[in-house]
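Q: Handing you a structure now.
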């Protein structure tokens with residue numbers, strides 16, 4: 001089996017946010033996709049070890065904040081390689097509440113979801129969310145995961161679905 | 001709600017194949033993503049009205065065949081806008097059996113999966129597959145959904161998760 005084939009799947013780069021008892025938090029994710037058109041639903045895969053997983057589970061809401069090619073890579077790193085368990089990830093990160101969810105200003109679009117189902121796997125939870133609000137906040141080309149790797153030379157966190165190894 | 005925000009999610013373009021009692025069939029899909037790293041699992045969303053949905057359900061196996069920017073768009077159209085119920089979609093489409101699954105030669109990589117779980121939604125089934133084989137078959141830049149829309153000027157089938165309207 002040549003796992004490099006898995007690299008050929010295409011993704012975006014997202015900050016998935018939620019409310020932790022009134023405090024905004026979130027994590028970086030790339031495994032998100034639309035599942036149904038009407039009503040619109042979105043699935044996102046979040047590692048069970050991520051603090052954001054338990055926060056989404058308790059709050060029942062998440063937002064997919066879509067990063068653009070010109071988004072500050074620091075947002076990706078801050079939300080991807082630190083834990084909201086012991087860090088206030090939004091500290092110093094400008095954001096606006098949209099559709100009642102925290103959306104970093106670095107994002108170019110957002111999709112707010114209410115959890116309606118979930119599927120457990122060995123290491124990740126797939127949350128299925130019904131879209132409650134969505135909007136485009138500014139111009140920008142959505143960042144693809146390929147762009148993140150090839151242009152920004154970004155790395156993949158060990159708890160990501162797409163982690164293969166160093 | 002501005003549904004154009006949903007367009008900002010990034011995807012690839014895939015032919016999802018399976019065996020219908022020894023006959024190869026499949027459909028075009030873009031909603032596929034890796035869920036876990038070890039063991040590697042992939043989720044794909046297939047409309048319940050698609051013949052391929054029932055074929056995957058019965059056979060318990062599917063392959064994600066990753067199309068490249070130079071893949072013949074006819075493959076996308078043939079697998080996306082016809083039904084395997086009354087059409088032999090592979091008729092005239094060169095393919096090779098890899099990892100025991102049919103893979104169109106138009107693809108640049110493939111991921112074979114065994115169904116280990118599924119989640120039902122109103123209109124689509126999310127199949128979770130454990131990767132049984134994967135490989136890169138030729139050079140090529142994986143086609144993104146944005147490329148399909150913006151460069152090839154391709155359309156979205158009405159039964160796709162990402163269908164918004166004409």
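Read the figures in this text as sums done on the coordinates, not as results from a lab. Just so we're clear, the structure is a prediction, and the values are computed from it rather than from any experiment. Quick reminder, even Gly has a Cβ in these numbers, built from the backbone with ideal geometry, and neighbours come from all protein chains shown.
Q: Looking at (1) within 14 Å of chain A (Cβ to nearest Cβ); (2) closer than 30 Å to residue A:39 by Cβ; (3) without any contact (Cβ under 8 Å) to a residue 40 or more places away in the chain, which is the one condition that is false for residue B:98?
A: It is condition (2) that residue B:98 fails.
Q: Tell me, yes or no, whether the range B:31-48 has at least one residue that is over 23 Å from residue A:159 (Cβ atoms), in contact with a strand residue (DSSP E or B) (Cβ under 7 Å, 6 or more places away or on another chain), within 14 Å of chain A (Cβ to nearest Cβ) and surrounded by fewer than 24 Cβ atoms within 10 Å (Cβ to Cβ). Don't jump to the end; show me each part of the working.
A: Going residue by residue through the range B:31-48, those that are over 23 Å from residue A:159 (Cβ atoms) are B:45-48.
Going one step further and asking which of them are in contact with a strand residue (DSSP E or B) (Cβ under 7 Å, 6 or more places away or on another chain), we end up with B:45-48.
Narrowing the set further to residues that are within 14 Å of chain A (Cβ to nearest Cβ) leaves B:45-48.
Among the residues that remain, those that are also surrounded by fewer than 24 Cβ atoms within 10 Å (Cβ to Cβ) are: B:47-48.
Yes, that holds for at least one residue.
Q: Also, quick follow-up: Hey, does the range A:1-19 have a residue that's in a strand (DSSP E or B), more than 13 Å from every other protein chain (Cβ to nearest Cβ), surrounded by fewer than 24 Cβ atoms within 10 Å (Cβ to Cβ) and in contact with a helix residue (DSSP H, G or I) (Cβ under 8 Å, 6 or more places away or on another chain)?
A: Checked the range A:1-19: at least one residue is in a strand (DSSP E or B), more than 13 Å from every other protein chain (Cβ to nearest Cβ), surrounded by fewer than 24 Cβ atoms within 10 Å (Cβ to Cβ) and in contact with a helix residue (DSSP H, G or I) (Cβ under 8 Å, 6 or more places away or on another chain).
Q: Just checking, how many residues over the range B:101-112 are at the interface with chain A (Cβ under 9 Å from one of its Cβ atoms) and more than 13 Å from the chain's Cα centre (by Cα)?
A: The total comes to 1.
Q: Kindly indicate whether residue B:80 is on the phi > 0 side of the Ramachandran plot and more than 8 Å from chain A (Cβ to nearest Cβ).
A: Numbers: on the phi > 0 side of the Ramachandran plot: no; more than 8 Å from chain A (Cβ to nearest Cβ): yes.
So residue B:80 fails the test.
Q: Of all residues being in a loop (DSSP other than H, G, I, E, B) and within 16 Å of residue A:140 (Cβ to Cβ) in the range A:60-78, which is farthest from the chain's Cα centre (by Cα)? Just the residue, please. Walk me through it before giving the result.
A: We begin by selecting, within the range A:60-78, every residue in a loop (DSSP other than H, G, I, E, B); these are A:60, A:69-72.
Retained after the next criterion (residues that are within 16 Å of residue A:140 (Cβ to Cβ)): A:69-72.
Details: A:69: 15, A:70: 17, A:71: 14, A:72: 15 Å.
Filtering first and then ranking leaves A:70.
Q: Which members of the range B:79-115 meet the condition of being over 16 Å from residue B:62 (Cα atoms) and in a loop (DSSP other than H, G, I, E, B)?
A: Within the range B:79-115, B:82, B:83, B:85, B:86, B:87, B:88, B:91, B:92, B:93, B:94, B:105, B:106 qualify.
Q: Does residue A:161 fit the bill of being in contact with a helix residue (DSSP H, G or I) (Cβ under 6 Å, 6 or more places away or on another chain) and within 7 Å of chain B (Cβ to nearest Cβ)?
A: Values: in contact with a helix residue (DSSP H, G or I) (Cβ under 6 Å, 6 or more places away or on another chain): no; within 7 Å of chain B (Cβ to nearest Cβ): yes.
Answer is no for this residue.
Q: Taking residue A:143 and the conditions (1) farther than 28 Å from residue B:123 by Cα; (2) surrounded by 21 or more Cβ atoms within 10 Å (Cβ to Cβ); (3) more than 10 Å from chain B (Cβ to nearest Cβ), which numbered condition does it fall short on, given that it satisfies the others?
A: (3)
Q: Looking at the range B:113-127, which of the residues that are more than 9 Å from chain A (Cβ to nearest Cβ) and without any contact (Cβ under 8 Å) to a residue 60 or more places away in the chain is surrounded by the fewest Cβ atoms within 10 Å (Cβ to Cβ)?
A: Out of the qualifying residues, it is B:114.
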